[in-house]
1. Please give the direction-averaged projected area of the C-alpha convex hull for the range 4-88, in square nanometres with one decimal.
2. Once the other residues with Cβ under 11 Å from the Cβ of A122 are scored (Lys, Arg +1; Asp, Glu -1), what is the net sum?
3. With a ≥ b ≥ c taken as the square roots of the eigenvalues of the C-alpha gyration tensor of the range 42-106, please select rounded if a/c is under 1.5 and otherwise prolate if a/b is larger than b/c or oblate if it is not?
4. Given a cut-off of 26 Å, what percent of all Cα-Cα pairs of the chain lie beyond it?
5. Roughly what % antiparallel, to the nearest 5, for the DSSP beta bridges in the chain?
6. If r is the Cβ-Cβ distance from A58 to R84 and R0 is 22 Å, what FRET efficiency results, to the nearest 0.05?
7. Sort the following peptides by mean Cβ neighbour count (other Cβ atoms within 10 Å, averaged over residues), highest first: 18-26, 207-215, 51-59.
8. How many angstrom separate the Cα center of the range 85-147 from the Cα center of the range 171-191?
Amino acid sequence: MHALDPRRLRHVRWLGGSACAGKTAVARRLAERHGVRTLHCDELFERHAARADPERHAAFRRLMDVPAVELFARPVPRQVRELRAFYDDEMGMLVEDLLAEAAEAGGGEEVLVVEGAGLLPARVAPLLPHPGAALWLLATGPFRRRHYRAREDDVRRHLTVSGAGSPDPERLFERWMTRDDAWCALLAGQVAELGLASIEVTGELALEEVADRVAAYFLGVQSPPLR
C-alpha cells in the first residue's frame, strides 16, 4: 500500500481485534447510542472477492474459497502466514474503498467506525492522524474457547465440508483456537510495539462496559476510562 496523507482518513476510527472480542457488537452499540456510522469488514468480503486481482491480490484469491475445515487442518504457523497475507491484500482494497467514499462525500468529517479482525496495527498505524483513532479488542484464549463452546451449533457448521462433518472435530477445533491464539498474539505484539491502545477481553467486563470504554476513547463521551 502506498503512503498517503493520514488527514484523508481523519474521520475514521479503527476498531480491530481478535475473534470473539466483541468488535461487531461494540460498533453496533456506538451506532445506536451515538449515531456514528459503522463499516463491518466481514460484510465487504463478497465485494472484495469479486474485484480481487490475480496479481495485486494473489494471497487473498488463494484463500478466499478454501473451506474452513481445510484451512484449520493446516499447520498453525502456515495458517497465520496465510491469514496475514490475506488481510494485507484486503487492507489495500479497504483503503481504496474508504478513499473513494471520502472523495465522493467531499471530505466530510462524520465519524466512521471501521471494525474487523484483519486490521493489522502495523498497516493501520501509518493511516492515523493521531494514536487515539485506533483501538484493538483482544480476547484471551480461555474466553474465546468458552464463547465458541457456547455456540456449539455454529462451530459444528463451520467445521464441515459439503455437509460432511470433520473426521476429528475436536482436534480441528483446537487447531482453530490455537491459530486464533497466535493471531491475537501477533496483534498484541504490534499494538505494544507501536504504542497503540487495546482492551483485554476476559469476560470480566460486560459488553456494555466495553462499549462504554470504546466510546470514551473514540468519541470523548462521559464513561469510565480505559484500564
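Laboratory data are not the source of any read-out in this text; all were calculated from the coordinates shown. Keep in mind it's a predicted model, so treat the numbers as computed, not measured. Here the Cβ is made from the backbone with ideal geometry for all residues, glycine too, and neighbour counts use every protein chain on show.
1. On the way: hull surface 29.8 nm².
Answer in nm², one decimal: 7.5.
2. Working: positive: R84, R123; negative: D88, E193.
After counting each charged neighbour, the total is 0.
3. Details: a/c = 2.56, a/b = 2.41, b/c = 1.06.
Judged from the Cα gyration tensor, the range 42-106 comes out prolate (a/c at least 1.5, a/b above b/c).
4. Details: 9758 of 25651 pairs.
Value for the chain (Cα pairs over 26 Å): 38 percent.
5. Working: 2 of 20 bridges.
Approximately 10 percent, going by the DSSP bridge assignments.
6. Working: r = 14 Å, r/R0 = 0.62.
Efficiency, from the Cβ-Cβ distance: 0.95.
7. On the way: 18-26: 22.2, 207-215: 18.3, 51-59: 13.3.
Listed from highest to lowest mean packing, they are 18-26, 207-215, 51-59.
8. The distance from the Cα centre of the range 85-147 to that of the range 171-191 comes to 19 Å.
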